[in-house]
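Below is one structure, written out as structure tokens, with a few remarks after it.
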Amino acid sequence: MSDVRDVIIIGGGPAGYTAALYTARANLRPLVIEGFNWGGQLMITSDVENYPGYADGVLGPAMMADFRRQAERFGAEFVTDDVTRVDFTEAPFRVFVGEEEHRADAVIVATGATARQLGLPSEQTLQGRGVSYCATCDGAFFRDKVVVVVGGGDSAMEEAGFLSRFARKVVIVHRREEFRASPIMVDRARSNEKIELVLNAVVDEVLGTDEGRVTGVRLRDTVTDETRDLEADGLFVAVGHDPSSALFLDWVDHDEQGYLVTEPGSTRTNIPGVFAAGDVQDHTYRQAVTAAGSGTMAALDAQRYLEERRHQTELAASSA
């Protein structure tokens, strides 16, 4: 069992590393249990051109390495392993990595979310080479190109609409005849002259593995089982995200999708001393810059909580 720390940060992405930077500079001795797959979704992103301060763009993994190095410079410590369970019964809170126990008076949960994938080997091979999960992040790379969007919900319609600002043509592929998206979103897509709808079809394969970039997709008709190849320069998978929140669902309030719920205007959860930042509590924006801002908020919230806690302890001791 280790000594009790001021704060433990669970997660190693933009939110976690920014929280680490701020808490380290506040002399709170943060321990960052960053996970084996540290860096979050940016580790499968090639060029990042919409993060302030990187005027010439930056590779996703390189940016995350910069975040980590900056937090480390101010004294943040790291455990490159996965948290296996937590105990938020009372402070100091207990965070376990296997049988190893870490304790802290405050915990910041910044475990992020993962984009749902199609599960195709070719999709994995071409991630960052034309396969994307974020139109806002990567849409500008496909100016005057043909792109495919997979999905049938509001997110897919929104992604397609955004991509139509850049792409020459956007093809929405959906496995059914009817969309899950709201009628107004579907109407917008249908009325957009750059958007084509392909229904009752699924992507069986992403083409271009030999070329090292997406050159098209192989579609299979869900009614006839026939296949055909469609030329395209990019594939955007918009079938949803899953918050990485399973470890905390028995402790922290969450919505139906599993996103942790925080108080409006803060990162405080229903448990005093436990905070949530980044994509694990944000199913709206899901950007690196908003996650970093959320990590800042969590660090400041944790700092204020710890200062108030110390003040209350000192008052209790002086009146005893």
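Only the coordinates and a few stated rules stand behind these numbers; no lab work does. Predicted model, so just to flag it, every value in this text is computed and none were measured. Backbone-built Cβ (ideal geometry, glycine too); neighbour counts: all protein chains shown.
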Problem - Which of Phe141, Ala232, Ala317, positive extreme of dipole for the chain (C-beta unit charges) - result: Phe141
Exercise for the section: Give, in nm to one decimal, the length gained when the segment between Ser182 and Ala316 is fully stretched (0.36 nm per residue of separation minus the Cα-Cα distance). Expected result: 42.7 nm
Completion exercise
Rounded to the nearest Å, the spacing of the alpha-carbon centers of segment 194-242 and segment 40-89 is 31 Å
Handout entry: Percent breakdown of C-alpha pair distances by 10 Å bin, ordered from the shortest bin, for segment 29-165
Key = 10, 31, 29, 20, 9, 1
Exercise for the section: Obtain the radius of gyration and the Kirkwood radius of segment 117-237 from its C-alpha atoms and give Rg over Rh. Expected result: 0.94
Fill in the blank from the handout: Here the gain from full extension of Tyr54 to Arg304, 0.36 nm per residue of separation minus their alpha-carbon distance, amounts to 86.9 nm
Exercise for the section: Select one label from [x] 48, 20, 14; [y] 38, 24, 16; [z] 42, 20, 17: the one whose number is semi-axes √(5λ) of the Cα gyration tensor in Å as derived from the coordinates shown. Expected result: [z]
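Can you tell me the relative contact order of the chain? Whole percent, Cα pairs under 8 Å, sequence separation 6 or more.
Numbers: 736 pairs, mean separation 64.4, N = 320.
It rounds to 20 percent for the chain.
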Exercise for the section: For segment 117-237, give the magnitude of the charge dipole about the Cα centre (Cβ charges: +1 Lys/Arg, -1 Asp/Glu; no others), in debye to the nearest 20. Expected result: 360 debye
Completion exercise
Simple spin-label estimate for Asn270/Tyr285, 7 Å along Cα→Cβ, in nm, reads 2.5 nm
Handout entry: Projected label distance in nm at Arg143 and Asn192, using a 7 Å step from Cα toward the beta-carbon
Key = 1.9 nm
Handout entry: Only Lys, Arg (+1) and Asp, Glu (-1) charged, at Cβ; the chain dipole about Cα centre in debye
Key = 660 debye
Fill in the blank from the handout: Put in order of increasing Cβ neighbours within 10 Å, starting from the fewest, Met157, Met297 give Met297, Met157
